[in-house]
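Please treat every number below as a calculation from the coordinates, not as lab data. The shown structure was predicted, so the numbers you read here are calculated from the model rather than taken from an experiment. Because the Cβ atoms are built from the backbone with ideal geometry, glycine has one as well, and the counts that use them run over all protein chains shown.
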Amino acid sequence: MRILIVEDSQRIAAFLRKGLSEEGYSVLAAEDGDTAYELAAAQDFDAAIIDVMLPGRSGFELVRDLRGAGKTIPILLLTARDSVDDKIAGLDAGADDYLTKPFDFTELTARLRALLRRSGGQATPTLKVGTVELDPATREVRRGGELVTLTPKEYALLEYLLRNVNRPLTRATLMEHVWGIRFDPGTNVVDVFVNSLRNKLQPDRELIQTVRGVGYIVRAPEREG
């Protein structure tokens, strides 16, 4: 999952980047509303955490402009302004949720997971293909009911694949959304992590299939619709 953080406080931005990266998200940060708008317009993100008080466009203006441009990215507003009128203004601008500072990081990640579940159209929090189940709420992965231990990046890679079932994903797309960096044709990091996932999902290693000349895909069994 690729997250955009828009926060002019370097301390808070660094805290969020570190915490979310350790949770397995790939993170890109912007310090002002104008830069954030350019990033969101040019690149794909799975969610955004936006401060209200920003240089350039305010958080409210940034949300309104993104919605006006047709961007449906889930947005969590993060701010010290906690009046009811401010919350209403943020939600009316097009934000999906609102969290006031100071905040508990575990609450922020819980709200973020909820936004990602809703945006993915999940009727339940659990992603399931074949015998493999991934629960974004607990960040647990099970195969045939047995717990599978994954590293944060392995988990992030599997989650992104399962959220895009039956959709071929290029190595470049996976690098951007899981690692938060542009694809380097000279690296095999995606292939290494896919191979590691396949080994840990034995005997269901073929869940992640290679699309020759493209990348990888998870295909749902026909009986699952």
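For this structure, a couple of remarks:
- Sequence of V214, V63 once ranked by neighbouring C-beta atoms within 10 Å, starting from the fewest: V214, V63
- Nearest-ten-degree value, helix 152-162 long axis tilted from longest Cα axis of the chain: 80
- Prolate is the label for the range 127-224. Its Cα gyration tensor axes, ordered a ≥ b ≥ c, give a/c of at least 1.5 and a/b above b/c.
- Mean separation of Cα contacts under 8 Å (6+ apart) over length of the chain, as relative contact order %: 16
- Note on the chain: Lys pairs 8 or more places apart or on different chains, Cα atoms under 25 Å apart, count 7.
- With the gyration tensor restricted to C-alpha atoms of the chain, the semi-axes of the equivalent ellipsoid amount to 33, 18, 16 Å, longest first.
- Computed over the chain, the per-residue total of -39500 (n - 2.57) for DSSP H runs of n ≥ 4 gives a 222 nm mean residue ellipticity of -11500 deg cm²/dmol, rounded to 500.
- For the chain, the Cβ-based charge dipole about the Cα centre amounts to some 800 debye (Lys, Arg positive; Asp, Glu negative; other atoms uncharged).
- The Rg/Rh ratio for the range 2-119 is 0.91, where Rg is the radius of gyration of the alpha carbons and Rh is the Kirkwood radius.
- Nearest-20 debye value, the range 2-119 charge dipole, Cβ charges on Lys, Arg, Asp, Glu: 320
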